[in-house]
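A quick write-up on the structure given underneath.
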Amino acid sequence: MTIQARPNMAGGANPDVAGVRPAARLRGRPGLPGDKSISHRALLLAALADGTSAIHGAGDGADVRTTAHLVERLGATVERGRSDGRRIDYRVASPGIAGLHEADGILDCGNSGTTTRLVAGILAGLPGYHVLDGDDSLRRRPLARIIEPLREMGADVHARRSNSLLPMTLVGHTPLRAIEHRTAVPSAQVKSAILLAGLRADGLTIVRESVATRDHTERMLRARGVAVHRAGLEGGAVAISVEGGQALRAVGETVPADPSAAAFWLVAGAIHPDAELTLADVGLNPTRRAIVDLLRRMGAVIEERAAAVADPEMGEPLADLVVRSSELRAIDVSPVEVAQAIDEIPILCLAATQARGTSTIRGAGELRAKESDRIAGILAGLLALGADISVDGDDISIHGPTALIGAPTDSRSDHRLAMTFAIAGLIASGATTISDPGCASISYPGFFAVLEGVRA
Ligand code: S3P
């Protein structure tokens with residue numbers, strides 16, 4: 001891989017382009033970052049707990065650093081410990097929820113949707129005047145989904161474009177009104193924002209969702225002594241509830257390796273003709289493991305072994321995963337499965353280009369609301385590489401297998417697209433280039449070095 005400073009082929013501001021050549025073999029143990037979703041929550045819940053929390057192996061990507069910085073601005077003391085470039089230890093000392101205060105200026109959420117939405121849930125119940133902003137990508141992402149329920153709870157929230165886009169102001173106060181809210185789109189960020197605001201409400205806050213989204217907030221609140229209830233409803237729907245006024249206990253915890261980062265290597269190993277890769281201590285929470293099960297349904301050879309590290313106290317299941325070269329067949333991915341593997345759909349599309357038959361991914365519209373319009377980005381990137389892919393409304397169809405041919409691809413400064421096209425470059429003939437490869441460090445710092453390391 002080469003990173004060259006030359007005029008950006010995508011025409012944007014970042015002049016860097018990465019080149020990836022095909023690999024003869026893939027072997028080894030790709031190092032993974034700590035889970036991004038859990039790392040954000042570990043920092044935010046540490047800020048809400050009175051005392052000192054220890055976080056081991058958090059992801060050291062840009063998004064999690066953004067959250068750490070905001071936690072500091074709100075009045076907690078954040079000590080950065082050892083980092084291996086991908087994972088870092090933190091110690092967070094906080095006066096607790098009642099001791100936090102408004103920041104002395106704008107809270108910059110950078111590129112991070114999770115930071116924006118979860119922090120908004122906390123600020124709604126924190127007396128003071130708060131202003132949130134972010135980068136150009138974040139300023140295009142929908143916020144009405146959190147603004148409406150937070151307003152209903154009594155927070156005074158305003159945002160650009162009729163209360164739908166950053167920048168956003170919140171005047172927080174306590175107690176908030178407890179509400180019952182049905183999410184319009186399955187979203188762990190929205191659910192978490194409402195539950196965090198619910199901690200500052202005067203009764204029982206209930207969130208209903210049609211598909212159970214990642215449940216880290218619920219598990220992590222319980223591990224900190226907060227009673228959170230979950231009721232399974234008809235057709236896979238769930239209702240999550242929390243009583244306001246509960247205090248959080250400071251804890252020590254180890255963050256599992258990120259399954260969404262592991263997904264890139266699971267697909268690389270499955271689609272490469274001579275591969276064996278081992279992924280250590282991967283978080284396999286039932287609400288996050290859908291990508292493993294979808295790939296297996298396609299015929300991927302993925303072995304699950306007991307992990308060396310276990311953190312039963314935190315309630316997050318872990319496993320080591322071994323993936324080997326596989327013969328893949330096409331898959332039909334339902335809208336519910338899209339919601340369960342929302343961050344892994346780009347790399348799953350790459351897997352589908354190597355599967356026999358026509359794969360369909362139905363109801364993927366929510367991908368347009370991510371760091372970029374991921375449907376447009378996948379379509380353009382995989383077409384450039386010679387894949388047989390088409391989009392009809394919110395449905396994606398991919399016919400395979402196709403021999404990919406190296407070509408320039410545009411990451412649109414979206415980390416998951418950059419990494420998807422880089423993995424494609426390992427099996428495409430000739431050279432594949434990726435615009436703004438540095439964006440991979442949003443979730444996976446050192447990704448391109450790891451990619452070079454597995455090229456046996
Ligand atoms: C996340 C939830 C998902 C996911 C994002 C992380 C979280 O977003 O795409 O990368 O940590 O709660 P949505 O809630 O918008 O689906």
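What the table below lists for this structure:
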{"read-out": "Where HIS101 falls short, out of the listed (1) touching a helix residue (DSSP H, G or I) at 6+ places or on another chain (Cβ under 7 Å); (2) assigned to a loop (DSSP other than H, G, I, E, B)", "value": "(1)"}
{"read-out": "Matching strands (runs of 3 or more DSSP E) fully within the range 136-249 where at least 3 residues are away from the ligand (no atom under 16 Å from the Cβ) and farther than 24 Å from SER39 by Cβ", "value": "156-159, 165-172, 204-209, 228-232, 238-243"}
{"read-out": "Only one of ASP202, ASP281 that is over 26 Å from ALA93 (Cβ atoms) and open to solvent by 40 Å² or more (accessible area, probe 1.4 Å)", "value": "ASP202"}
{"read-out": "Residue within the range 431-446 that is within 23 Å of ALA330 (Cα to Cα) and more than 16 Å from the ligand (Cβ to nearest atom) present", "value": "no"}
{"read-out": "Test: LEU70 is within 30 Å of THR254 (Cβ to Cβ), in contact with a helix residue (DSSP H, G or I) (Cβ under 7 Å, 6 or more places away or on another chain) and among the hydrophobic types (A, V, I, L, M, F, W, C)", "value": "yes"}
{"read-out": "Qualifying position, being away from the ligand (no atom under 16 Å from the Cβ), open to solvent by less than 50 Å² (accessible area, probe 1.4 Å) and over 27 Å from GLY446 (Cα atoms), among ALA98, ALA120, ALA93", "value": "ALA93"}
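One line per residue, one yes/no per condition, for (1) in the same structural domain as SER429 (by TED's automatic domain parsing); (2) in contact (Cβ under 8 Å) with a residue 60 or more places away in the chain:
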residue: VAL228; (1), (2): no, no
residue: ALA231; (1), (2): no, no
residue: GLY236; (1), (2): no, yes
residue: VAL242; (1), (2): no, no
residue: ALA262; (1), (2): yes, yes
residue: TRP265; (1), (2): yes, yes
residue: ALA268; (1), (2): yes, yes
residue: ILE271; (1), (2): yes, yes
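The values are calculated or read from the model by the stated rules, or taken from the named source; none is laboratory data. Everything numeric in this text was worked out from a predicted model, so none of it was measured. FYI the Cβ positions are ideal-geometry reconstructions off the backbone, even for glycines, and counts take in every protein chain you see. Quick note on the areas: whole protein, heavy atoms, side chains included, nothing else; ligands and nucleic acids left out. Shrake-Rupley method; radii C 1.70, N 1.55, O 1.52, S 1.80 Å.
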